[in-house]
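Participant: Can you read through this structure? Questions will come right after.
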Amino acid sequence: MAERPRLKGAWTARVITLFPEAFPGILGLSLTGKALDQGLWALDAIDLRPFGEGKHKNVDDTPAGGGAGMVLRADVVGRALEQAAIGTPSDRDRWPVVYLSPRGRPFTQAMAERFSRADGLTLICGRFEGLDERVLEEYEVEEVSLGDFVLSGGEIAAQALIDATVRLIPRVLGNQASTEEESFSEGLLEHPQYTRPAVWKGREIPDILLSGHHAKIATWRRAMAERLTKERRPDLWRAYRGCHDGDPDGDREL
């Protein structure tokens with residue numbers, strides 16, 4: 001990775017990976033890339049291979065107890081984590097350490113907000129069959145999952161997590177209001193969006209959005225967000241209703 005300027009105290013992601021060349025990847029483009037170039041946040045890709053064992057710098061070994069595949073070694077990943085920890089707070093609230101894992105807690109917008117309030121975080125990108133459990137215990141590692149599916153490694157998941165977090169840092173997007181109105185900001189999916197042309201292939205923008213009546217537009221958008229959430233994400237809808245009016249079953253008519 002090319003050296004970039006970084007402002008003092010800038011939020012920083014340190015990523016332990018066998019493929020440091022994968023970074024910044026998509027994070028180096030668009031607004032997150034511009035903010036990275038401006039030093040509003042920082043990214044350090046830490047190559048796991050140099051911490052490996054022996055002549056060939058082995059980072060994995062066969063699973064204890066038998067089984068298919070290979071497991072990342074505790075001593076190897078531990079050395080990388082200790083290198084990544086240099087200069088960072090030991091308080092996990094201020095500097096979380098995260099392992100991208102299918103068995104982790106589901107990644108949410110609330111989690112991204114929590115990470116964005118920290119000084120930074122360290123991410124471990126897994127490969128093979130996983131990571132020695134003792135590393136997770138020794139270093140108080142938080143396991144996070146992007147969903148109920150399996151990837152070849154944690155690099156794509158790490159970029160998604162970083163993107164969702166970095167865009168919440170003040171000045172990164174340039175328009176903080178946009179993050180307050182998007183999906184999940186209030187526990188709802190986002191309402192439908194429209195722009196010019198007013199008519200496209202016979203489909204018109206809803207009249208209410210062209211009325212100039214801001215209060216009615218806000219009411220319409222809220223109703224649409226609630227409807228979409230109830231139809232597509234019953235789990236979110238139940239949580240939303242339970243928080244707002246004690247209706248955990250979400251039976252209110254829309």
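Participant: Take residue 152, project a point 7 Å from its Cα along the Cβ direction, then tell me which residues of the range 121-138 have their backbone nitrogen under 18 Å from it.
Facilitator: Output list for this probe position: 125-130.
Participant: Given contacts defined as C-alpha pairs under 8 Å and at least six residues apart, what's the relative contact order of the range 1-149, whole-number percent? Mind showing how you got there, number by number?
Facilitator: On the way: 254 pairs, mean separation 40.7, N = 149.
After rounding, I find 27 percent.
Participant: Collect residues whose amide H, placed 1.01 Å from N in the peptide plane, falls under 5 Å from the amide H of residue 14; neighbours closer than 5 in sequence don't count.
Facilitator: 44, 121, 122, 123
Participant: When the chain is fully extended, how far beyond the present Cα-Cα distance does residue 143 get from residue 53, taking 0.36 nm per residue of separation?
Facilitator: Fully extending the segment from residue 143 to residue 53 adds 29.9 nm.
Participant: While we're on this one: Would you list, by chain and number, the lysines whose Cα falls below 20 Å from the Cα of residue 34, excluding same-chain residues fewer than 8 positions away?
Facilitator: 8
Participant: For residue 114 and residue 3 in the same chain, what is the full-extension length gain: residue separation times 0.36 nm, less their Cα-Cα distance, in nm?
Facilitator: Net length gain for the segment: 37.2 nm.
Participant: Still on this structure, please answer the following. Where both residues lie in the chain, what percent of DSSP beta bridges are antiparallel, nearest 5? It would help to have the intermediate numbers written out before the result.
Facilitator: Numbers: 5 of 26 bridges.
Around 20 percent antiparallel, to the nearest 5.
Participant: May I ask you to list the lysines whose Cα is less than 24 Å away from that of residue 216, ignoring any residue fewer than eight positions away on the same chain?
Facilitator: 230
Participant: Step by step: find N for the range 11-166, compute 2.2 N^0.38 Å, then divide the Cα radius of gyration by it. What's the final number?
Facilitator: Ratio of Rg to 2.2 N^0.38 Å for the range 11-166: 1.01.
Participant: What shape does the range 182-245 have by the C-alpha gyration tensor, where a ≥ b ≥ c are the square roots of the eigenvalues, rounded means a/c under 1.5, and otherwise prolate means a/b greater than b/c and oblate the rest?
Facilitator: prolate
Participant: Turning to a different aspect of this structure: Extent of the range 8-89 along each principal axis, from alpha carbon coordinates, in Å, largest to smallest?
Facilitator: Computed over the range 8-89, the largest-to-smallest principal extents equal 48, 27, 24 Å.
Participant: Starting from the amide H of residue 143, placed 1.01 Å from N in the peptide plane, find each other amide H under 5 Å away whose residue is 5 or more places distant or on another chain.
Facilitator: Answer set, sorted by chain and number: 99, 105.
Values quoted throughout were computed directly from the atomic coordinates according to the rules given, and no laboratory measurement underlies them. All values reported here derive from a predicted model rather than from experimental measurement. For neighbour counting, all protein chains shown are included, and Cβ atoms are generated from backbone atoms with ideal geometry for every residue, glycine included.
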